[in-house]
Amino acid sequence: PIKENSIDIENQRVFIYKAAEKAFIEDEFRLDMEGFMNLDFTDIQFIGDSGWIVGSKGTILYTDNGGKNWRISRWGNFNFNSIHMISPGRGFITSDSVILKTENGGRDWQVVETGDTSVSYLSIAFNQNTGIIAGTKGKILYSRDYGTTWEEKTINEAKRKKKMLDLN
């Protein structure tokens, strides 16, 4: 478990998402330790000593020393489901309604436009340059260029039955 004294609760970066502007705006609200302890975390990834943990209420924890210390940032109020960093600089997060992308190791995140905010994006994986994001309502996003562009696919049977299909 992460020790309470390893979390930098004082130096949080918090952003609210303005959908009309399609941008994150820095906010003053900060979590206290009690609020932090009520968060749910859903995924983790390390590349060397750099690590990211994602969870509820737009929360991302970041370490650059193998997990000895963690910094908190919050990006909107999205519930993050999965993170995949292609490199220490470039990565993606899936959530209950959006996909986020970073080009600088998570210092900043931008929303990837998908056109459908009613879909929950559940999981993301890459194999070299090919990426796949699995979502609800039979939606799958597919990239062949490290996530620069995404092509939407809909599995028709899942769309008709309004449920997920086992693709294995």
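Would you work out the charge dipole size for the chain about its Cα centre, treating the Cβ of every Lys and Arg as +1 and the Cβ of every Asp and Glu as -1, and quote it to the nearest 20 debye? Charge dipole, the chain, about its Cα centre: 680 debye, nearest 20. Lysine pairs in the range 1-130 whose alpha-carbon atoms fall under 21 angstrom of each other, counting only those eight or more residues apart or on distinct chains, come to 7.
Considering only DSSP beta bridges whose two residues both sit in the range 9-127, what percent are antiparallel, to the nearest 5? Please list the in-between numbers first.
Working: 30 of 33 bridges.
Roughly 90 percent of the DSSP beta bridges within the range 9-127 come out antiparallel.
Going by Cα centres, the range 1-55 and the range 132-152 are how many Å apart? After rounding, the separation between the Cα centres reads 25 Å. Spin-label pair residue 152-residue 107: with each label point 7 Å from Cα along the Cα-Cβ axis, the two points sit 3.3 nm from one another. Determine the share of the chain's accessible area contributed by carbon and sulfur atoms, expressed in whole percent, with a 1.4 angstrom probe. Taking all protein chains in place, the chain shows 48 percent carbon and sulfur surface. In the chain the longest region clear of trypsin sites (Lys or Arg not before Pro) that are loop-assigned by DSSP and have at most 15 other C-beta atoms within 10 Å covers 69-106.
Entry for the range 2-70 at q = 0.21, 0.22 Å⁻¹: log10 I(q)/I(0) = -0.99, -1.06, Debye formula applied to identical alpha-carbon scatterers, no solvent contribution. Site pair residue 38 and residue 68 shows an inter-label distance of 3.3 nm when each label is modelled 7 Å from Cα along Cα→Cβ.
When the chain is fully extended, how far beyond the present Cα-Cα distance does residue 116 get from residue 46, taking 0.36 nm per residue of separation?
On the way: separation 70, 0.36 × 70 = 25.20 nm, distance 2.99 nm.
Gain in length upon complete extension: 22.2 nm.
Find out how many positive minus negative residues lie around residue 147, taking Lys and Arg as positive, Asp and Glu as negative, among other residues whose Cβ is under 9 Å from that of residue 147. Once positives and negatives cancel, what remains is +1.
Can you give the extra length, in nm with one decimal, that the chain gains between residue 144 and residue 77 once fully stretched, where that is 0.36 nm per residue apart less the Cα-Cα distance? Working shown, then result.
Numbers: separation 67, 0.36 × 67 = 24.12 nm, distance 2.95 nm.
This chain segment gains 21.2 nm when fully extended.
The values are calculated or read from the model by the stated rules, or taken from the named source; none is laboratory data. Every value quoted in this text rests on a predicted model; they were computed, and no experiment measured them. In this analysis, Cβ positions are derived from the backbone assuming ideal geometry, glycine residues included, and neighbour counts consider all displayed protein chains. Areas reflect the complete protein model, heavy atoms only, side chains present, ligands, DNA and RNA absent. Shrake-Rupley method; radii C 1.70, N 1.55, O 1.52, S 1.80 Å.
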